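**Q** Supplied in structure tokens, the structure appears directly below.
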Amino acid sequence: MSDDSNRLKELLDGKLSPQEIAEDPVLASLAERIYGADFIEQIGISRGETKRALVDQFSEIDGDDLLIEDIPDLALPMPEDMPDNPIYDLEDDDVYERRSLFSKLQIVGGSVGIVGTLANVFYGFGNFMGGCTEAMHATCRITERMKLNWLDFHRTDSFDAWSEVGSFGIPDGILIAGCLLMIYSGWRK
């Protein structure tokens, strides 16, 4: 075996002559695989001769199954003898655990917050709470101000706390984004 490995090293180092490569069909086949078919043709070795010599070399070995090892007969277990597949055991699986009360509250709170914010923007909390009246300010009679401004929610008796329905402000967007983040964090737990 060491002679074969020395010959392979010589082939890789380029120290073998074309005649030496042509004489050994295994080396010729390796040279063709390593350096390519063009290299074999350039040094004067025909591919057909290499393949025939390689086939002849392996046909001289006795036996049909050159590369097949004898595998001893093993008694394989029958399906009824096998243990249960752990993939289908859902009782111990963490994925199917129930959500905690806190994560449920986050999901519900976020959903209620989004619905409430959108209801205020498109319908107006003023329809439930009285809104802006003429008694508050003279501009309240010109346009109906029924949308509650979130930054002035504590001053519902002032006309500044109310604006026209359908107007979307920065606090509305921040509140919706916060509610979506709350739903997302509750869903992830």
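Each reported figure results from applying straightforward, stated rules to the coordinates on display, with no laboratory input. None of these values were measured; they are calculated from a predicted model. All Cβ positions, glycine included, derive from the backbone under ideal geometry; neighbour counts span all protein chains shown.
**Q** Using 0.36 nm times the number of residues separating E164 and L12, minus their current alpha carbon distance, what extension gain do you get?
**A** Result: 46.2 nm gained on full extension.
**Q** Still on this model: At what distance in nm do the modelled label points of F128 and L30 sit from each other, each positioned 7 Å from its Cα along Cα→Cβ?
**A** 8.5 nm
**Q** Let me ask something else. Working out 0.36 nm times the residue gap between E20 and S185, then minus their Cα-Cα distance, what length gain in nm do you get to one decimal?
**A** Full extension from E20 to S185 adds 52.1 nm.
**Q** Here's a follow-up. Given points 7 Å out from each Cα along the Cα-Cβ axis, report the S100 to W150 separation in nanometres with one decimal.
**A** In this crude spin-label approximation the distance works out to 2.6 nm.
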